[in-house]
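Trainee: The structure's right below; bear with me while I get my questions together.
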Amino acid sequence: MLYIEALLLAVSLSMDSLAVSVTGGAVLKNNCNAANILKIAGVLGVFQAGMTVVGYTMGLGFEKYIRTLDHWIAFALLAYLGGKMIYDSTKDEEEGDFDPLRLKTLCGLGIATSIDALAVGISLAILKSPLLLQASTIGMVTFALSAFGVYFGNRFGRKIDLKLNLIGGLILIGLGIKILIEHLFF
């Protein structure tokens, strides 16, 4: 995978974290400072990168069994995740007792927003993509977008309705189609 593809993949995987961080920033109100921004963004970035590594490791374990179907599996996983993100973008988010600074809440959000990174990690192992490039790019992009999201959410979050999951879902489906076309025709 070229670096631009790694960057696009990282951006699409970061959309869940960005959406969560915008919500977190809106909830923080007057408690939005650099330490809180770094805390939220750091946890989300570490979970995204970590789950990519876990998925990659899992993918290496059964790669020899699925070599002839790898492009179909990568396509199916990316299409499913993209479709799920698009579907999730149509649902209304509920506000409740949401404290984005509580460690239990942050870890739950980190896991929930990085499940797709686990599946993508499996796909990356099948495609023999460089793990260090992928995981570090995913972690850094998630961190940067999440930090921006907390700040943006604190400033404008309640005024603007962005469909970030829709954009991320479309990017994932596009990457899946590209992989399928490359393996079938080139």
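Trainee: Given a cut-off of under 8 Å on Cα pairs at least six residues apart, what relative contact order in percent is computed for region 1-158? Please report the intermediate quantities before stating the final value.
Mentor: Values: 222 pairs, mean separation 90.1, N = 158.
Computed value for region 1-158: 57 percent relative contact order.
Trainee: Another question, if that's okay. How large is the convex hull of the C-alpha atoms of the chain per residue, in Å³? The partial results should precede the final answer.
Mentor: Details: hull volume 19.7 nm³, N = 186.
Cα-based convex hull of the chain, divided per residue, equals 106 Å³.
Trainee: Any idea of Ile111's accessible area? Nearest 10 Å², probe 1.4 Å.
Mentor: Around 80 Å² of this residue is reachable by solvent.
Trainee: To the nearest 10 degrees, how steeply does helix 34-62 sit against the main Cα axis of the chain, on a 0 to 90 scale?
Mentor: With both axes taken from Cα atoms, the answer is about 20 degrees.
Trainee: Work out, step by step, the length gained on full extension between Arg102 and Tyr65: first 0.36 nm times the residue separation, then minus their alpha carbon distance; give nm to one decimal. Write down the numbers at each step before the final one.
Mentor: On the way: separation 37, 0.36 × 37 = 13.32 nm, distance 4.21 nm.
Extra length from Arg102 to Tyr65 when fully extended: 9.1 nm.
Trainee: Provide the FRET efficiency to the nearest 0.05 for the Tyr87-Met140 pair, computing r from the beta carbons and using R0 = 22 Å.
Mentor: Numbers: r = 28 Å, r/R0 = 1.26.
Computed FRET efficiency for Tyr87 and Met140: 0.20.
Trainee: Using just the helices of the chain, give the 222 nm mean residue ellipticity in deg cm²/dmol: DSSP H runs with n ≥ 4 each add -39,500 (n - 2.57), and the total is spread over all residues, rounded to 500.
Mentor: Mean residue ellipticity at 222 nm (helix-derived): -27500 deg cm²/dmol.
Trainee: Extension gain Leu133-Glu5, at 0.36 nm per residue separation less the Cα-Cα distance, in nm? All intermediate terms of the calculation are to be shown ahead of the outcome.
Mentor: Values: separation 128, 0.36 × 128 = 46.08 nm, distance 1.10 nm.
Roughly 45.0 nm would be gained on extension.
Trainee: Find how much the distance from Trp72 to Asn31 grows on full extension, using 0.36 nm per residue of separation minus their present alpha carbon separation; answer in nm with one decimal.
Mentor: Values: separation 41, 0.36 × 41 = 14.76 nm, distance 4.65 nm.
Using 0.36 nm per residue and subtracting the Cα-Cα distance, I get 10.1 nm.
Trainee: Something else about it: So if R0 is 30 Å, what FRET efficiency would Phe148 and Ile115 give, r being the distance between their Cβ atoms, rounded to the nearest 0.05? Kindly include the intermediate steps, with their values, before the conclusion.
Mentor: Details: r = 22 Å, r/R0 = 0.74.
The calculated FRET efficiency here is 0.85.
The values are calculated or read from the model by the stated rules, or taken from the named source; none is laboratory data. What you are looking at is a predicted structure, and each value in this text was computed from that prediction instead of being measured. With ideal geometry, Cβ positions are generated from the backbone for all residues, glycine too; neighbour counts draw on all protein chains shown. Accessible surface is based on the protein model in full, side chains and every heavy atom, while ligands, DNA and RNA are left aside. Shrake-Rupley method; radii C 1.70, N 1.55, O 1.52, S 1.80 Å.
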